[in-house]
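Asks: This is the structure, below, for whatever I ask next.
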Amino acid sequence: MLTLAIDTATPTLVVGVADGDGVLAEAGVPSGTRHAELLTPTVTEVLARAGVAVADLARLVVGLGPGPYTGLRVGIVTAAALGDVVGVPVHGVCSLDAVGEGRRVVVTDARRKEVYWRAYDAGPVGDPDVGRPEELDLPDLPVVGDTRFAERLGREVAPAEVTTAGLLRAVPAGDPAPLTPLYLRRPDAVPNVVRKPVTR
């Protein structure tokens, strides 16, 4: 089954094409906040490297976060649009589930000096969460993800990122559920509700 996998939940944009469990082509592009301008060219490039046309795809997989508001919207809307055009299912997965394997705690950058995190034993333990590293009471499991937080966590952090193989492993059995982003926080941008007086 030819699958296009997309994740825009972290500062590294991930796009991959797989046939079954075998990854045919993959790109991890340091994108910061430039997901919108880099995603479509990266999808085009990865499909070309895999020798696959959009019409050949049997399904799409997209990371639902947690991650920044704008980045998640770019990935989810793009995946939904492609799935609609081709007429194939789009499966959403928790992006943290696609980082590392086995028993672990995954931490990724949540900005505002915080991390997104989730623990895994036989499977996910609880829901994804967000918090300041020094305030977290993490389970006694290996920690993987963003190594920049090792000092603040007081724990060794093995480097790991979202991968195409990880996104594929995270797809739940059954029909796809609605694509609901995992924001965990309100967006940084808020409407200005202060009304200025009108002068004549």
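Asks: Taking the solvent-accessible surface of protein heavy atoms with a 1.4 Å probe, what is the per residue accessible area of the chain in Å²?
Replies: Value returned for the chain: 54 Å² of accessible area per residue.
Asks: Using modelled backbone amide H atoms (1.01 Å from N, in-plane), which distant-in-sequence or interchain residues come within less than 5 Å of V143's amide H?
Replies: V105, A158
Asks: Residue-wise, which Karplus ³J(HN,Hα) couplings in Hz belong to the range 168-177, taking 6.51 cos²θ - 1.76 cosθ + 1.60, θ = phi - 60°, and x for glycine or proline?
Replies: 5, 5, 7, 5, x, 5, x, 6, x, 8
Asks: Using only Cα atoms, locate the centre of the range 146-174 and the centre of the range 1-71, then give the distance between them in Å, rounded to an integer.
Replies: Spelled out, the Cα-based centre of one part sits 17 Å from the other.
Asks: How much net charge surrounds V17 when only other residues with a Cβ under 11 Å from its Cβ are counted (Lys, Arg +1; Asp, Glu -1)?
Replies: Residues close to V17 contribute a combined charge of -3.
Asks: Out of all DSSP beta bridges in the range 33-140, what portion is antiparallel? Express it as a percent rounded to 5.
Replies: 75
Asks: Where does each of V88, V23 land when they are ordered by accessible area, with a 1.4 Å probe and the largest first?
Replies: These residues rank, largest area first, as V23, V88.
Asks: What are the ³J(HN,Hα) couplings of the range 113-122, residue after residue, when phi is run through the Karplus curve with 6.51, -1.76, 1.60 and θ = phi - 60°? Round to Hz, x for glycine and proline.
Replies: Working through the residues one at a time gives 6, 10, 10, 8, 8, 7, 9, 9, 10, 6 Hz.
Asks: Based on the alpha-carbon gyration tensor of the chain and its eigenvalue square roots a ≥ b ≥ c, which shape applies: rounded if a/c is under 1.5, prolate if not and a/b is larger than b/c, or oblate?
Replies: Cα axes put the chain in the oblate bin.
Asks: Using the Karplus equation 6.51 cos²θ - 1.76 cosθ + 1.60 (θ = phi - 60°), what ³J(HN,Hα) coupling, rounded to whole Hz, does each residue of the range 74-91 give in order, writing x for Gly and Pro?
Replies: 4, x, 5, 5, 5, 4, 5, 5, 5, x, 5, 5, 7, x, 10, x, 10, 9
Asks: Same structure again: Can you classify the range 69-115 as rounded, prolate or oblate using the Cα gyration tensor, where a ≥ b ≥ c are the square roots of its eigenvalues, rounded means a/c under 1.5, and otherwise it's prolate if a/b beats b/c and oblate if not?
Replies: oblate
Asks: For D127 and D21, calculate 0.36 nm times their separation in residues minus their Cα-Cα distance, and state this gained length in nm to one decimal.
Replies: Using 0.36 nm per residue and subtracting the Cα-Cα distance, I get 35.5 nm.
Asks: Among bridges DSSP assigns within the chain, what percent are antiparallel (round to 5)?
Replies: Within the chain, antiparallel bridges account for around 65 percent of the total.
Asks: Build a GNM of the chain with springs between Cα atoms under 10 Å: which of V62, V15, V29 gets the top mean-square fluctuation?
Replies: Highest fluctuation among the options: V29.
Asks: Next question, about the same structure. Identify which of D84, D137, D97 has the largest mean-square fluctuation in a Gaussian network model of the chain, with springs joining Cα atoms closer than 10 Å.
Replies: D137
Asks: Taking springs between alpha-carbon atoms closer than 10 angstrom, which of D19, D140, D109 fluctuates most in the Gaussian network model of the chain?
Replies: Top of the fluctuation ranking is D140.
Asks: Note the full-extension length gain between D175 and R34 as 0.36 nm times their separation in residues minus their Cα-Cα distance, in nm to one decimal.
Replies: 47.6 nm
Asks: Out of the total accessible area of the chain (probe 1.4 Å, heavy atoms of protein only), what percent is carbon and sulfur?
Replies: That share works out to 53 percent.
Asks: Take the Cα of R103, step 7 Å along the line toward its Cβ, and report every residue of the range 137-174 whose backbone nitrogen sits under 15 Å from that point.
Replies: Flagged as within label range: 139-144.
Asks: Then there's this: Extending each Cα 7 Å along its Cβ direction at T70 and R112, get the distance between those two points in nm, one decimal.
Replies: For the pair T70/R112, the computed spacing is 1.7 nm.
The values are calculated or read from the model by the stated rules, or taken from the named source; none is laboratory data. Since the model is a prediction, treat every value here as computed from it, not as a measurement. Neighbour counts run over all protein chains shown; Cβ positions are idealised from the backbone, glycine included. To get the accessible areas, we keep the full protein, side chains included, count just its heavy atoms, and leave off ligands, DNA and RNA. Shrake-Rupley method; radii C 1.70, N 1.55, O 1.52, S 1.80 Å.
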